[in-house]
Ligand code: PHE
């Protein structure tokens, strides 16, 4: 799968085709963010108003940032820090912009540290479901199973460790080998299962309240906090602002315009998030659970209720959690790839060493999250546990800061011809619109949202 002779001279691989890139980038985007984080964040932030802002953020901000990341990566063909040395050499851009790479690497490490713990919960639920632990359970009993897992740090630690070992082992082999096959077969299956779940829930539970909760227009519920949460969710679910898409773009061959590719990733990403909402919320309403009480455990408290009642639920449930784990794994690889690639390309480590060292660091930081749900759950700062803080600071603050720097660099600092060629908009009018969006609208929107939060909280 490694590239042609010209690439080998660089000793840098590339995806075997554009389609492989689309699969890999979708594998990065679709993950726990869509199925675990989106439903509970939406529930905590008033449902429909959050979802509306989230969708606006995705199209107005997410899509342009994603485009800029991919085009920078493809044009520069280096890891997310060294790429700025290359731009400096070729276009005399200031070297200080490499801060983008460093903020990104830091965000990736922080995100993966809790992501891995959550992926561990999913791992545990594969087995619980297969063993029939949820058969005909009441909401209270399901809640107890969940509580028992959380209050057991050894269990969480074992699963967290297992997931980080898996991530390190795959990272050591290089993400370009095999990721395509995994995503090509497992992702469509996940989508089919999700659709099946939505249909089952629509027939069995309260879909009407769900549709109202997700799609009614309630402008009075929009607050600066909700807007920031929606912005953070857009960045998180699209994997943007930290260089994951930049590094994947750097392995992208050819010079075809990237706007279409980007749109495909965005559509896949929001489809999965919205389907997850449609699959989870009906259970909330049918079992009289309070939408904003689920917290990070929402899907673990609701999905088992459906699994426990449906025919063939054991198999369905374990397959669903298994596929979710696969989705988490393909996202985890992209969270650590920028750092691993830097270790290999800048420090000349071998890939295995880089994978092991970076994963070990993330594992250690992950302990904060493991204990946030039990031993240290009462230790809070700004009303948030260590997990809450890691999540909030990385997703809602660092990713948007990374994102705004990326668009500013691509739109104002690089020669304009690069953007024109890579995006491939022929029509002059559309080119103008695009310019306006990336030069003014998108950066201004991100800055305003961040600033608004600072001044109102
Ligand atoms: N987008 C991934 C998800 O939704 C998480 C992620 C965030 C991956 C940032 C890479 C970078 O689960």
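Summary of values
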read-out	value
Residue 205 vs. criteria surrounded by 15 or more Cβ atoms within 10 Å (Cβ to Cβ) and modelled with pLDDT of 95 or more	no
Answer from 228, 238, 194 - the residue that is on the phi < 0 side of the Ramachandran plot, away from the ligand (no atom under 16 Å from the Cβ), touching a residue at least 60 places away in the same chain (Cβ under 8 Å) and out of contact with any strand residue (DSSP E or B) (no Cβ under 7 Å at 6 or more places or on another chain)	228
Unique residue being farther than 22 Å from residue 110 by Cα and buried (at least 17 other Cβ atoms within 10 Å of the Cβ) when the list is 255, 286, 237	286
Residue 23 being within 16 Å of the ligand (Cβ to nearest atom) and at pLDDT below 95	yes
Residue that is away from the ligand (no atom under 15 Å from the Cβ) and within 16 Å of residue 273 (Cα to Cα), where the choices are 38, 59	59
Odd one out for residue 142, checked against (1) at pLDDT below 95; (2) under 14 Å from residue 360 (Cα atoms)	(2)
Subset of the stretch 243-293 (residues that are more than 15 Å from the ligand (Cβ to nearest atom), without any contact (Cβ under 8 Å) to a residue 24 or more places away in the chain and within 30 Å of residue 70 (Cα to Cα))	260
Which listed residue, of 308, 317, 353, is more than 20 Å from the chain's Cα centre (by Cα), in a helix (DSSP H, G or I) and free of Cβ contacts under 8 Å to residues at least 12 places away in the same chain	353
Yes/no for residue 49 being more than 16 Å from the ligand (Cβ to nearest atom) and in contact (Cβ under 8 Å) with a residue 60 or more places away in the chain	yes
Residue in the stretch 110-123 that is within 15 Å of the ligand (Cβ to nearest atom), within 26 Å of residue 363 (Cβ to Cβ) and free of Cβ contacts under 8 Å to residues at least 60 places away in the same chain present	yes
Single residue of 327, 296, 332, 340 found to be surrounded by fewer than 24 Cβ atoms within 10 Å (Cβ to Cβ), within 16 Å of the ligand (Cβ to nearest atom) and in contact (Cβ under 8 Å) with a residue 60 or more places away in the chain	296
Any chance residue 69 is without any contact (Cβ under 8 Å) to a residue 24 or more places away in the chain and either within 16 Å of the ligand (Cβ to nearest atom) or out of contact with any helix residue (DSSP H, G or I) (no Cβ under 8 Å at 6 or more places or on another chain) (or both)	no
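The values are calculated or read from the model by the stated rules, or taken from the named source; none is laboratory data. Quantities reported herein were computed from a predicted structural model and do not represent experimental measurements. Every residue, glycine as well, gets a Cβ built from its backbone with ideal geometry; the counts of neighbours run over all protein chains shown.
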